[in-house]
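The structure under discussion appears below in the form of structure tokens.
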Amino acid sequence: MPDPADTLEVSDLPLDDLVACHECDLLMRKPALVLGEKVQCPRCGYELYAHRHNVVERSLALVIAALLLYVPANFLPIMQLNLLGQSSEDTVWSGVVGLFDTGMQGVAVVVFLCSMGIPLLKLLCQLAVLLSIRWKIGRSYGLLLYRIYHHLKDWGMLEVYLMGVLVAIVKLADMASITIGLGLVCFVSLLIVQVLLEVVMSPHQIWQALSGEDDHASD
């Protein structure tokens, strides 16, 4: 792994040759990487960036998997609740509709955006960015979409919704009979795939590929 600790006279270097740590703001010389290597900050140990194998192909596979999981995760039953002889099946979408119908329109909109709308928009942005790199077309639009994606990252809160579902299951377990639905399995799978996508889709390589500095992001 290259050592980026060579910080002597960094003020005399061009900006393209410098990199700053996102955690501790240490300014250092940007090292050259080969496939499989990564750069860590010598001060705090934060991973600055990595040069991973087949970034575009692996990321495309994960994005397509996430899009395939999106519909069943949101529209298949998360759980079936049996209480006093009555049963009901709940989905992510039915939860949004239920909030809207009970007069909590503002909460319904927020839940829809954070659990359904923004996660889908993020996936579509990632798909368009990766295709623009893979097919080498529309990279200027790819740059715009990738910036939009980074602004949306903090608004997709699937893990918060999942925690709410798990808390509800634990609290209702002693009061009713609960059956886990296929929708919850798909929802958890979608969350795992998105976490893997964040790891595989190296921002450093994506930015370079979009700007034309690196045409080997798929190597």
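Listed values, structure above:
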read-out: Single residue of segment 81-92 satisfying the filter (buried (at least 16 other Cβ atoms within 10 Å of the Cβ) and not polar (S, T, N, Q)) that is farthest from LEU191 (Cα to Cα); value: LEU81
read-out: Residue, modelled with the lowest pLDDT, within segment 192-219, restricted to residues that are more than 28 Å from SER140 (Cβ to Cβ) and surrounded by fewer than 18 Cβ atoms within 10 Å (Cβ to Cβ); value: VAL195
read-out: Residue within segment 39-53 that is assigned to a loop (DSSP other than H, G, I, E, B), modelled with pLDDT under 75 and loosely packed, with under 12 Cβ neighbours inside 10 Å present; value: no
read-out: Among the residues listed as ILE118, ILE78, the single one being within 19 Å of the chain's Cα centre (by Cα) and surrounded by 13 or more Cβ atoms within 10 Å (Cβ to Cβ); value: ILE118
read-out: Residue check, ALA108 surrounded by 15 or more Cβ atoms within 10 Å (Cβ to Cβ), more than 20 Å from the chain's Cα centre (by Cα) and in a helix (DSSP H, G or I); value: yes
read-out: Within segment 54-75, considering residues that are among the aliphatic types (A, V, I, L, M) and more than 14 Å from LEU131 (Cα to Cα), the one surrounded by the most Cβ atoms within 10 Å (Cβ to Cβ); value: ALA73
read-out: Condition check for LEU81: in contact with an Asp or Glu (Cβ under 8 Å, 6 or more places away or on another chain) and assigned by TED's automatic domain parsing to the domain that holds GLY164; value: yes
read-out: Matching residues in segment 146-185 - criterion: being modelled with pLDDT of 75 or more, of a type in the set (A, V, I, L, M, F, W, C) and outside any helix (DSSP H, G or I); value: ILE180
read-out: Residues within segment 88-121 that are closer than 30 Å to LEU144 by Cβ and touching a residue at least 60 places away in the same chain (Cβ under 8 Å), tallied; value: 2
read-out: Scope segment 96-118; condition closer than 15 Å to VAL165 by Cβ and in contact with a helix residue (DSSP H, G or I) (Cβ under 7 Å, 6 or more places away or on another chain); matching residues; value: VAL96, LEU99, VAL111, CYS114, SER115, MET116
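The values are calculated or read from the model by the stated rules, or taken from the named source; none is laboratory data. Being a predicted model, the structure only gives us computed values, none of them experimental. Positions of Cβ are backbone-derived with ideal geometry, glycine not excepted, and every protein chain shown enters the neighbour counts.
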